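Worksheet for the structure shown next.
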Amino acid sequence: MQDFDVDLFVIGGGSGGVRAARVAAGHGARVALAEEYRVGGTCVIRGCVPKKLLVLASRFPGELSDSQGFGWRGMAHQLNWPALSEGIESEVSRLEGLYRKGLSSSGVHIYDERAVLTGPHSVQLVRSDTTVKARHILIATGGAPRTPADLVGGHHTITSNEVFALKALPNRVLVLGGGYIAVEFAGIFAGLGSTTTLLHRGERLLRGFDHELQSGLADAYRRSGIHLALGVTIASIEKTNEGFVVLDSAGGRYVVDVVLSATGRLPNTATLGLEGVGVETGENGAILVDAGFRTSIPSIFAVGDVTDRLNLTPVAIREGHALADALFGTPADTALDYESAPTAVFSTPELGTAGLTEEAARHKHLHLQVFKTDFRPMRATLANSSERIRMKVLVDGATDLVVGLHILGREAAELIQLAAVALQMGVTKRQLDSTLAVHPTMAEELVTMRTPIH
Ligand code: NDP
């Protein structure tokens, strides 16, 4: 029988790795975790958390503008970028400290260095040249932004990794891509006051989202002054005295101070030693796992973005937790419904979505009923703004089950979290209808839509 130094060695201190390590240690396992950058991972350090703080910052000018319709006068609004950046960095550091404390107090040993696989049960810590023998190894190294290598002048772009370190708010920004990150950062920059262009190869933003949310967001972005260059690609980027000159495939020319490339993320698997040990990877280098997060090597597991399934923080956390329970505690049901997981995009206005899109639901449900509403929220009346809210409820006419919920507008992320509970519990349209409305709210529309559109 082999002697192991630890029961679980986690490579990667992000959402999935930290959760797995803490839960495993809580079950009494001897756990070590290696992180080469900062504990907390993409979400805490250069993703969800600092991004959401920027989103919040970007919304104040709109609030101040709306406030005038409510009688407020003379409110100054001038952004102090260093103050904002320092505030965000201090919050990120605070959270990082909490993550570290949480790990240490659970008894997890943290190695602040890179770790690579050297065998089915062994890991080498690169800087200290230490080998650790582990009964189980978990790879939770996440992903990294894809860099536009084949683009002429692509080296002039920054990614979401660098965007939080900008020394000043750029006056002119071009964002490349039409996914979560591109859409969110276009909204952030525009809200903060940058002249913003979003350039995307597709005709629609946010592939995979319900069509009406896609078009509603595009309309809202245009109304808020964001220039959408859709159906085009970047032909070249050149650095000049005026700034970066970006030419697109349709002859468009943009002069900007920053080009943010947000064309997707790739699993962080390079030089991890996977090949040598025989851990199989698929497209884009993603680690292949079974339903129990086990790789092709029985003692090695992987969770989160490194498996490139549904790259969302709560998914990684759920997977890490389920794995730790399965290995050291009471195995819970690890099955996750990746298809209908709720998700939100922190654009302004926000998108919240749970269940199937109308397009997907049409394929699956013969008797689909579509309920929708598009209205001006109360605050827009006095504010005299063009703000709108769009909601859609999709119902399987045969069973009355709600199969999809989509919201575009203020607080859509908060609303969809609650609506997702009902959806998860198998709510029917009749039950939605019998729920008493809370008035006057935007959310009451979700329980007062009576007539299907088609
Ligand atoms: P996405 O996969 O969401 O979007 C990538 C975008 O880049 C798509 O619009 C895609 O176009 C486009 N694209 C891909 N390759 C190229 C190329 N070679 N040239 C031009 N355009 C290209 O990735 P993101 O980087 O936005 O985000 C990564 C992941 O992070 C997301 O999938 C999401 O899981 C997660 N995330 C979640 C957030 C949240 O929950 N709010 C926030 C931020 C990130 P096309 O559609 O045509 O393929």
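Rule-based calculations on the coordinates, nothing more; no lab input. This one's a predicted model, so the numbers in the text were calculated from it and none came from an experiment. In this analysis, Cβ positions are derived from the backbone assuming ideal geometry, glycine residues included, and neighbour counts consider all displayed protein chains.
Just a few scattered comments:
- Residue (of G26, G13, V246) at the positive-pole extreme of the chain, dipole from beta-carbon charges: V246
- For the chain: rounded, prolate or oblate by the Cα gyration tensor [a/c cutoff 1.5]: oblate
- Cα-based reach from K167 at 19 Å (exclusive), listing lysines while leaving out same-chain residues under 8 positions away: K51, K52, K239
- Debye log10 I(q)/I(0) at q = 0.13, 0.16 Å⁻¹ for region 1-142, Cα point scatterers: -0.64, -0.82
- Estimated purely from DSSP H runs of n ≥ 4, each contributing -39500 (n - 2.57), the mean residue ellipticity at 222 nm for the chain is -10000 deg cm²/dmol once divided by its residues.
- Centroid-to-centroid separation of region 345-383 and region 132-155 [C-alpha atoms, Å]: 34 Å
- The label-point distance for T271 and S296, in a model that sets each label 7 Å from Cα toward Cβ, rounds to 2.3 nm.
- Rounded if a/c under 1.5, otherwise prolate or oblate - region 209-338, Cα gyration tensor axes: prolate
- Folded to 0 to 90 degrees: helix 313-328 orientation relative to the chain principal axis, Cα: 30 degrees
- Descending by average beta-carbon neighbour count within 10 Å, the peptides 116-125, 137-146 line up as 137-146, 116-125, the highest first.
- Measuring r between the beta carbons of E339 and K52 and using R0 = 30 Å, the FRET efficiency lands at 0.75.
- Within the chain, percent of DSSP bridges classed antiparallel, to nearest 5: 60 percent
- Net length available on complete extension from L64 to A76 is 3.5 nm, with 0.36 nm assigned per residue and the Cα-Cα distance removed.
- Note on V232 and V126: the model spin-label points, each 7 Å out from Cα along the C-beta direction, lie 4.0 nm apart.
- Contact order for the chain, expressed relative to its length and based on alpha carbon pairs under 8 Å spaced 6+ residues apart, stands at 16 percent.
- Relative to the longest principal axis of the Cα atoms of the chain, the long axis of helix 211-223 lies at roughly 70 degrees.
- Tensor-based shape of region 142-225 (alpha-carbon gyration tensor, a/c under 1.5 rounded, otherwise prolate or oblate): oblate
- For the chain, with +1 on Lys and Arg beta carbons and -1 on Asp and Glu, the positive-most of H363, T313, L79 along the dipole: L79
- Taken over the Cα atoms of region 99-183, the convex hull encloses 205 Å³ per residue.
- Förster radius 60 Å - calculated FRET efficiency between R204 and Q2 (Cβ-Cβ, nearest 0.05): 0.65
- For the pair D219 and T118, a Förster radius of 60 Å applied to the C-beta separation gives a FRET efficiency near 0.65, rounded to the nearest 0.05.
- If the chain linking E89 and D400 were pulled fully straight, counting 0.36 nm for each residue of separation and taking away their Cα-Cα distance, it would gain 107.2 nm.
- A run of the chain free of exposed loop cleavage sites, with GluC sites (Glu not before Pro) counted only in DSSP states other than H, G, I, E and B and at most 14 other beta carbons within 10 Å, reaches its longest extent at 340-454.
- Under a model in which nothing but the beta-carbon of Lys, Arg (+1) and Asp, Glu (-1) is charged, the chain shows a dipole of about 740 debye around its Cα centre.
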